[in-house]
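Each value in this text was obtained by applying a stated rule to the coordinates, not by laboratory testing. Here the structure is a predicted model, which means the values were calculated and not measured. Because the Cβ atoms are built from the backbone with ideal geometry, glycine has one as well, and the counts that use them run over all protein chains shown.
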Amino acid sequence: MTIILLAMAVTTGLFLGMAVILLVAERHLVNYGTCQIIVNGGEQRFSVEGGGNLLAALLENNISIPASCGGKGMCGYCKVRVTAGGGALLPTETPFLSRRDIAIGTRLACQVKIRQDVSVNVPDFLDVISDMVRTGTFDKHAKWRFSIKGEEHEGF
């Protein structure tokens with residue numbers, strides 16, 4: 001029994017070690033350079049260093065995207081439509097996207113790695129909320145505060 005547990009621990013340690021080495025190597029050996037992010041057809045543009053994810057880049061540039069899981073790919077709230085440069089759809093995204101979403105280029109911003117210039121359409125916050133209500137993918141017990149045209153409203 002002890003040998004089995006030891007073997008499991010060693011195997012787990014080796015896999016974790018290899019994963020860490022790969023992440024560190026990518027950070028230091030791969031240079032994506034400066035990438036341009038184009039939001040809503042040119043309404044807003046900014047440059048970021050490649051290698052990060054789209055959600056972080058948008059939040060750093062004051063573009064609000066809901067992400068209750070903190071960008072871990074577990075809630076599906078950070079949906080955006082990537083029109084260019086997003087790379088291939090990841091298996092971690094498919095549980096949160098319908099066939100229609102996939103067909104029109106919808107992605108989870110937290111799962112899009114910036115490796116080149118990216119063009120993205122960010123939905124209006126109220127569109128995101130109404131989609132969450134329509135599909136039932138929101139926490140019914142959470143209380144949200146938001147403001148519309150300078151007026152404060154409470155909802156949900």
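Descriptive notes on the structure:
- Residue-span extension gain [I3 to A88] - 0.36 nm each, minus C-alpha spacing: 26.4 nm
- Figure legend: label point modelled 7 angstrom from the Cα of E49 along Cα→Cβ; residues of region 1-41 with amide N under 16 Å from it are 24-36.
- Sequence-distant residues sharing a close amide H with N121 (under 5 Å, placed H): N40, R81, V82, T83
- Backbone amide hydrogens, once placed in the peptide plane, bring V112 within less than 5 Å of L54, L55, excluding anything fewer than 5 places away on its chain.
- Across region 38-88, C-alpha contacts under 8 Å between residues 6 or more apart give a mean separation that, scaled by the residue count, equals a relative contact order of 19 percent.
- Rounded if a/c under 1.5, otherwise prolate or oblate - region 15-85, Cα gyration tensor axes: oblate
- In this structure the amide hydrogen of Q44, modeled in the peptide plane, comes within under 5 Å of the amide hydrogens of V39, none closer than 5 places in sequence on its chain.
- Relative contact order of region 34-137: 37 percent, from C-alpha pairs under 8 Å at least 6 residues apart in sequence.
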